[in-house]
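The values are calculated or read from the model by the stated rules, or taken from the named source; none is laboratory data. What you are looking at is a predicted structure, and each value in this text was computed from that prediction instead of being measured. Reconstructed Cβ throughout: ideal geometry from the backbone, glycine too, with neighbour counts over all protein chains shown.
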């Protein structure tokens, strides 16, 4: 099996010893190709080239953004996407059941098989795990701006999130699903292909990468004390706060709002004007999943 590893050298909080990482990879995958990304979007180009050259597996080593970029180069091909986590929350890697430790993840890759999985699209842009409108999109945007001059990581993200939680005012949205339109102003409206944001925070515990549908999860705005009490529920698979959360399966949704719509795809912030279209494309990407 021909393996290609795509490594983002600036993912994570610690500096990478890329030479040691390369040697460790080659010790377990002797004929693998190891590539380093050099700029945003480079992972997509590297993945496309690997697929064209007949590699059976391309492994993204980085955060959810790097994994997303790599996947874009593989959709529609027979080359499978593998994951070695090196981000802050590592939501998609956790969804796949990949260990967070580098060497353990390498070993787990040898126990995987390619499985056809679904991918989502937000205004035509691919997402693997989650896309959403609401408070987490606002936090993602502020975190991106903060990262231009300050440090990244869990603590800065937590501080930005806590500050936003007390100031965020949900906008009213027009949401159309299955020909039915409603007006809503949720704290967040999430379209989930996978189950969690990361760190085992499960926004959609019944979501599946292989069922051809997205879980649309609406979390209603509520007093801050009530939301704070609800947080532990998201670290379980079954308990959900009554009256705060509504979930339904969808294949297509259209969100409208006059002016700016702030949203995120796999944690990366985006902005649209007037409308946002969400859809699912079944079985479009092969992903290496650990064998049971």
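Consider segment 17-39 and keep the residues that are under 17 Å from residue 87 (Cα atoms), touching a helix residue (DSSP H, G or I) at 6+ places or on another chain (Cβ under 9 Å) and without any contact (Cβ under 8 Å) to a residue 60 or more places away in the chain. The one that is surrounded by the fewest Cβ atoms within 10 Å (Cβ to Cβ) is 36.
Among the residues making up segment 222-234, those that are in contact with a strand residue (DSSP E or B) (Cβ under 9 Å, 6 or more places away or on another chain) and either surrounded by 13 or more Cβ atoms within 10 Å (Cβ to Cβ) or closer than 19 Å to residue 169 by Cβ (or both) are 227, 230, 233, 234. Between 257, 240, 291, the distinction of being in contact (Cβ under 8 Å) with a residue 24 or more places away in the chain and surrounded by 14 or more Cβ atoms within 10 Å (Cβ to Cβ) belongs to 257 only. When residue 99 is tested against (1) surrounded by fewer than 24 Cβ atoms within 10 Å (Cβ to Cβ); (2) under 16 Å from residue 6 (Cα atoms), only condition (2) is not met.
Taking the condition within 22 Å of the chain's Cα centre (by Cα) and either within 15 Å of residue 264 (Cβ to Cβ) or not assigned by TED's automatic domain parsing to the domain that holds residue 87 (or both), does residue 203 pass? Judged against the criteria, residue 203 is a match. Selection of first residues in segment 219-233 that are closer than 21 Å to residue 196 by Cβ and of second residues that are loosely packed, with under 13 Cβ neighbours inside 10 Å, restricted to Cβ pairs under 7 Å at least 6 apart or on distinct chains, gives the following pairs, ordered by first then second residue: 233/239. Residues in segment 94-143 that are in a loop (DSSP other than H, G, I, E, B) and within 17 Å of the chain's Cα centre (by Cα): 97, 98, 99, 100, 123, 124, 128, 129.
Which of the residues that make up segment 40-66 are assigned to a helix (DSSP H, G or I), modelled with pLDDT under 95 and touching a helix residue (DSSP H, G or I) at 6+ places or on another chain (Cβ under 8 Å)?
Scanning segment 40-66 gives 64, 66.
The single condition among (1) within 24 Å of residue 97 (Cβ to Cβ); (2) buried (at least 17 other Cβ atoms within 10 Å of the Cβ) that residue 276 does not meet is (1). Scanning segment 83-93 for residues that are in contact with a helix residue (DSSP H, G or I) (Cβ under 6 Å, 6 or more places away or on another chain), part of a loop (DSSP other than H, G, I, E, B) and either free of Cβ contacts under 8 Å to residues at least 60 places away in the same chain or more than 19 Å from residue 72 (Cβ to Cβ) (or both) returns a single hit, 88.
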